[in-house]
Amino acid sequence: MSERDLLMIPGPVNFDPGVLRALSAPTAGHTAPEFVERFGQALEWMKQVFIAPSGMPFVIAGSGTLAMDMAVCNLVEPGDRALALSTGYFSDRMTAILERYGAEVTTLCAAPGDTVPVEQVQTTLERVRPKLFAMTQVDTSTGVAVDVRALTKLARDAAPDALVVVDGVCSVAGMELQQDAWGVDIALTASQKAMGVPPGLALLVASPRALETFKARKKPVANYYGDWTNWLPIMEAYLARKGMYFATPPVNMVYALHESLRQILAEGLEARIARHKKLSDAFKVGVRQIGLAQVPVRAEIAAPTMSAIYFPDGIDSKLIGKIRQRNVVVAGGIHPLIRDKYFRVGHMGVVSPGDISATLAAIEGALLASGYRFDAGAGVAAAETML
Ligand SMILES: *Cc1c(COP(=O)(O)O)cnc(C)c1O
């Protein structure tokens, strides 16, 4: 990776230089006043970004998978029923985690590129009456987004006791999510995607209802590091601007998170979400103009944070290397049913109009070099009219 490459994968993404500089600040002790203040501020800003004024934020060293693990290990007890909506690889990981902690899981699987029909979700919620209902706002393996607001409302009506858990790793801070207003019990993400911080943090916000469920557990949490019994007093202490130790917090990662949250709120959530939508729309129009099909089967369910694009006939994954030679890094497929047939482009965080044009130009150049025939320049031109 040269310093001049564009990292256009669905996480990690390109990061703001100010966020990177925060990583190299002198490391304070984890109870030093300046760290306590920044950690406390970052936790408050987390609630603002998740739009969860009543929520309890957790910032823990780890990745998005740890955030998923923490959601499940703290809420599920062996034998609890869970319903998981699967729109791809990462949703399936949630099913695996639920099973690991002893849940009886019902999984509703969508075809690659599609969502599960709403009526099927409703009848299954009514039949299963799950304690936990999990969905992935954007499944990064397909680029499919689900309607979290509508599905949460559906759950409230069809199975009022179900705790709604949203994997927002590829969406939070790049797509609308109103945790409190929509009634989402757990929303979680990782640092390295639309949150704009290098990999290394698991980020999660829990509703009062989720914390009550946790506090009413009969059995201890089967995961020592992820147990909220250990972490809740720590997060409460830093929110109250007191230092406290359970396991050493990643001091410099918290500095970087603090700086990125500051930037996110300075841009404004609405403006940021609109920027992601606009850049995504322009990119997708460009891709269509070149003649490439996308994995999401309908435009309304295509994510604004990334794109999943089928290779055209006669072209295979060698295209990714040719795009790479043009200083743009894109990712291969990971959905097991279509793995070798498509590639993925992330457009989140500090992504700009110039990045969108440059990425389309690199894709066009790589396609030309691969012998694919199309109206060269048309993709970039179509996108430019929208940027
Ligand atoms: C990236 C991703 C994950 C996994 O996050 P890691 O940080 O790689 O552990 C989970 N869910 C979704 C939707 C993701 O995009």
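Descriptive notes on the structure:
- Phi-based couplings in Hz for the stretch 214-230 (Karplus 6.51, -1.76, 1.60; Gly and Pro marked x): 4, 5, 8, 4, 8, 10, x, 5, 7, 9, 5, 5, x, 5, 5, 4, 7
- As a proxy for reagent exposure, ranking 244, 253 by other Cβ atoms within 10 Å from fewest up yields 244, 253.
- Computed over all pairs of different Cα atoms, the Kirkwood value for the hydrodynamic radius of the stretch 18-266 is 18.1 Å.
- Residues whose placed amide H lies under 5 Å from that of residue 163, excluding near-sequence neighbours: 132, 133
- By the beta-carbon count within 10 Å of each Cβ, the least crowded to most crowded order of 372, 255, 225, 245, fewest first, is 245, 225, 372, 255.
- The Cα-based radius of gyration of the stretch 290-387, divided by its Kirkwood radius, gives an Rg/Rh of 0.93.
- Between the helical axis of 64-75 and the longest alpha-carbon principal axis of the chain there is an angle of about 30 degrees.
- Cleavage-rule hits (trypsin sites (Lys or Arg not before Pro)) in the stretch 1-97: DSSP loop, at most 12 neighbouring Cβ within 10 angstrom: 4
- Of 222, 287, 271, farthest towards positive along the dipole that unit charges on Lys, Arg, Asp, Glu beta carbons give the chain: 222
- For the chain, a crude dipole built from +1 on the beta carbon of Lys and Arg and -1 on the beta carbon of Asp and Glu, taken about the Cα centre, is about 240 debye to the nearest 20.
- Coarse-grained scattering of the stretch 338-384 at q = 0.30, 0.31 Å⁻¹, given as base-10 log I(q)/I(0) from a Debye sum over alpha-carbon atoms: -1.12, -1.14
- Full extension of the chain segment joining residue 337 with residue 325 gains 1.5 nm, where the gain is 0.36 nm per residue of separation less the Cα-Cα distance.
- Calculated [222 nm] ellipticity per residue, helices only, for the chain: -13000 deg cm²/dmol; basis is -39500 (n - 2.57) per DSSP H run with n ≥ 4, divided by all residues, nearest 500.
- At most 14 other Cβ within 10 Å, DSSP loop - trypsin sites (Lys or Arg not before Pro), the stretch 188-232: 217, 218
- Using the Cβ-Cβ distance between residue 24 and residue 270 with R0 set to 30 Å, the FRET efficiency from 1/(1 + (r/R0)^6) comes to roughly 0.40.
- Exceedance of the 30 Å cut-off in Cα-Cα distance is limited, within the set 131/284; 193/284; 242/278; 47/341, to 131/284; 242/278; 47/341.
- By the beta-carbon count within 10 Å of each Cβ, the least crowded to most crowded order of 273, 315, fewest first, is 315, 273.
Only the coordinates and a few stated rules stand behind these numbers; no lab work does. This is a predicted model, so every value here is computed, not measured. Quick reminder, even Gly has a Cβ in these numbers, built from the backbone with ideal geometry, and neighbours come from all protein chains shown.
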